[in-house]
Amino acid sequence: MRASSATRLVALVFALCIAACGERTKLPRLPADAVVLAFGDSLTFGTGAAESESYPAQLELLIGRRVVAAGVPGEVTAQALERLPAVLDEHAPRLLLLCIGGNDFLRRLGNEPAERNVRAMIELAKKRGVAVLLIGTPEPALLPSPPAFYANVAKEMRVAYEGEVITEVLKDTRLKSDPIHPNAAGYRLIAERVAARLRQAGAL
């Protein structure tokens, strides 16, 4: 009996965890007139391609919602955190696409401050009722990948997460304009992957 009870308890806990994971990745459906805010650094600005080829511009065409591009090349997470409240107030988005951190890694500012700032930005958005999709940015390395804190933050704060596409693009020279920026094809892939993630999460 004890073994059977323990087995049932483990199964129940596992089922609850699976349900919770599903809840964490859900996003509210975006109305046709919703504003989506793409916020970040040069990857959001579209450095390496024409303005119309940036990932926010291409995403707008894919999802049929207005996507505001608010990327500042060279910006670190501390600067982004200072800038975000005014941008949220200005555009009143339903959804925040947060792609930030690469310049912290390039300047070796430390992952802990970057994590704190990312958390604070997500909190700012959620307090305003803005849903969040977090996009992980890889650290420079022989085999680049996003630091673990991105996935951990997304899980703990129950926001949607896309952790693969930036790494995938930056590993493929055909998708890059220089060592750290995509070209038009790279931004297209990012837009497609973000659109797919939004559909998977129920936003579209």
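General observations
- The heavy atoms of Arg188 present about 90 square angstrom of accessible area, all protein chains included, probe 1.4 Å.
- Percent carbon-and-sulfur accessible area, segment 84-204, ignoring ligands, DNA and RNA, probe 1.4 Å: 50 percent
- Solvent-accessible surface of segment 27-161, averaged per residue with a 1.4 angstrom probe and all protein chains in place: 45 square angstrom.
- Calculated SAXS-style log₁₀ I(q)/I(0) at q = 0.08, 0.11, 0.17 Å⁻¹ - the chain, Debye, Cα scatterers: -0.28, -0.50, -1.12
- Helical content alone sets the calculated 222 nm signal of the chain at -16000 deg cm²/dmol, taking -39,500 (n - 2.57) per DSSP H segment of four or more residues and averaging over every residue.
The values are calculated or read from the model by the stated rules, or taken from the named source; none is laboratory data. For clarity, every value in this text was computed on a predicted model and none was experimentally measured. These accessible areas exclude ligands, DNA and RNA; they are computed on the full protein's heavy atoms, side chains included. Shrake-Rupley method; radii C 1.70, N 1.55, O 1.52, S 1.80 Å.
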